[in-house]
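The values are calculated or read from the model by the stated rules, or taken from the named source; none is laboratory data. For clarity, every value in this text was computed on a predicted model and none was experimentally measured. Neighbour counts run over all protein chains shown; Cβ positions are idealised from the backbone, glycine included. All accessible areas refer to the heavy atoms of the entire protein, side chains included, with ligands and DNA or RNA removed. Shrake-Rupley method; radii C 1.70, N 1.55, O 1.52, S 1.80 Å.
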Amino acid sequence: MWPRLPGPPPRRRPPDAHVEISPRSSDSSLKIGEVHEANRKAVGRTILHFDAVESTNETAKELLESDVEEGLVVWADRQAAGRGRHGRAWASPLGGLYASFILRPREAHAWVLGLLFGMPVVKALRHFGVFAGLKYPNDAMYQDRKIAGILSEGVYRHDVYHVVVGIGVNTNVDLEKLPAEVQPKATTLKREVNLFVANEEFLDYLLNQVDDLYSRYRNTRIEFLVKDYRGQCTTIGKRVSVTTGKEKLTGKAYDIGTNGALVIIDDQGAKHDFFEGTLEILK
Ligand code: BTN
């Protein structure tokens, strides 16, 4: 993990900034750009680009104190304290892509949105040459190595429900820059594809896909999207072992329930719904 970064000197907000930002993280991060893309429907119409933050999810949550538009994106070139699922750290060296989106869905769908957002991530990876698949719930994997992860959090601010979805992609990261214990299980776009893909280009494509998915989410029944997700989830059909708290279960990953659960059939033929915990694919 990165050490905490020293704060830059105080600065004035550029005159063209349209969004009022007063995040506490501005003490330790420098906003280096603000991009507007009016053609997008909801997600990615405004992107705030920082050089370094503690965590883009945290910066996004701090921004919720002000009246920010839905779909606002917080993007950073590195994170000093990137967070993963289950309280784990997300190593965030320079070269990777770290972005969080602010959503205001009508229902408390943080978890299922985190699941569905795996689809645009995989689409973007494939577009740029890595034929990734989705390990349940939302790890983008290539040849059994993780290349991207998603952390989705539901947050109430001033009685309004928000979802912050954070995506980390190992784009232009040198594998050696990741922690030693992560290296054997991880890969990067740079390692798998010969052609250089700038993070701006990757993010632009990813945002178009995320915007499309979120628009479908707002206009379609969620079951249809979960069905699409099922088609992309490479865990289905595999023998798995899952651990939730103290309980461990071994069986075959059989289906994705309409609620987004992974349905596992154990060796006695009983069905179980699995949502969160540790999932291991057995050979
Ligand atoms: C995981 O697979 O454990 C989820 C990793 C999510 C990492 C991203 S990077 C951008 C956003 N900010 C964070 O602190 N975490 C997410």
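The range 210-282 and the range 101-117 have Cα centres lying 17 Å from one another. A P(r) calculated from all alpha carbon pairs of the chain, with 10 Å bins opening at zero, reads 6, 29, 36, 22, 6, 1, 0 percent.
Remark: the residue 159-residue 239 segment gains 24.5 nm on full extension, using 0.36 nm per residue and subtracting the alpha carbon distance. Say each of residue 108 and residue 204 gets a label point 7 Å from the Cα, pointing the same way as Cα to Cβ; how far apart are those two points in nm? Here the modelled spin labels are 4.0 nm apart. Inter-label distance, residue 193 to residue 258: 3.7 nm, where each label sits 7 Å from its Cα along the C-beta direction.
Quantify, in whole percent, the carbon and sulfur part of the accessible surface of the chain (1.4 Å probe; protein heavy atoms only).
On the way: 6890 of 13920 Å².
Here carbon and sulfur together make up 49 percent of the probe-accessible area.
Of all DSSP beta bridges in the chain, what percent run antiparallel (nearest 5)? That works out to approximately 85 percent antiparallel.
Under the membrane-span-like helix rule (DSSP H runs whose alpha carbons stretch at least 15 Å along the helix axis, mean Kyte-Doolittle hydropathy -1.0 or higher), the chain yields 222-232. Between residue 185 and residue 227, the FRET efficiency estimated from the beta carbon spacing at R0 = 41 angstrom works out to 0.90. In the calculated pair-distance distribution of the range 55-213, the portion above 22 angstrom amounts to 36 percent of the Cα-Cα pairs. Exposed loop sites here are chymotrypsin sites (Phe, Trp or Tyr not before Pro) assigned a DSSP state other than H, G, I, E or B and surrounded by at most 12 other beta carbons within 10 Å; excluding them, the longest clear run of the chain is 1-130.
How high is the relative contact order of the range 176-283? Use alpha-carbon pairs under 8 Å, at least six apart in sequence, and give a whole percent.
Working: 111 pairs, mean separation 19.3, N = 108.
Relative contact order comes out at 18 percent.
The longest part of the chain holding none of the exposed loop GluC sites (Glu not before Pro), meaning those outside H, G, I, E and B in DSSP with at most 16 other Cβ atoms within 10 Å, is 182-275.
For the chain, what does the relative contact order come out to in percent, with C-alpha contacts under 8 Å and a separation of six or more? Can you show the working numbers first?
Numbers: 598 pairs, mean separation 40.4, N = 283.
Relative contact order comes out at 14 percent.
Taking 35 Å as R0, compute the FRET efficiency from the Cβ-Cβ separation of residue 69 and residue 127 and round it to 0.05. It comes to 0.85. In this structure the amide hydrogen of residue 46, modeled in the peptide plane, comes within under 5 Å of the amide hydrogens of 37, 73, none closer than 5 places in sequence on its chain. Excluding same-chain neighbours fewer than eight residues apart, the aspartates and glutamates reachable from residue 227 by a Cα-Cα span under 12 Å are 255.
Residue separation times 0.36 nm, minus the C-alpha to C-alpha distance between residue 219 and residue 39: what's the value?
Values: separation 180, 0.36 × 180 = 64.80 nm, distance 1.82 nm.
Residue separation times 0.36 nm, minus the Cα-Cα distance, leaves 63.0 nm.
Among the trypsin sites (Lys or Arg not before Pro) in the range 137-246, those located in a DSSP loop and surrounded by at most 11 other Cβ atoms within 10 Å of their own Cβ are 221, 246.
May I ask you to derive the FRET efficiency for residue 266 and residue 143 from their Cβ-Cβ distance with R0 = 25 Å, giving the value to the nearest 0.05?
Numbers: r = 28 Å, r/R0 = 1.13.
My answer for the efficiency is 0.35.
Counting only Cβ charges, +1 for Lys and Arg and -1 for Asp and Glu, the dipole size of the chain around its Cα centre is about 620 debye. For the range 162-269, report the translational diffusion coefficient in µm²/s to the nearest whole number, using Stokes-Einstein at 4 °C, 1.567 mPa s, and a Kirkwood Rh over Cα pairs. In µm²/s, the coefficient is 75.
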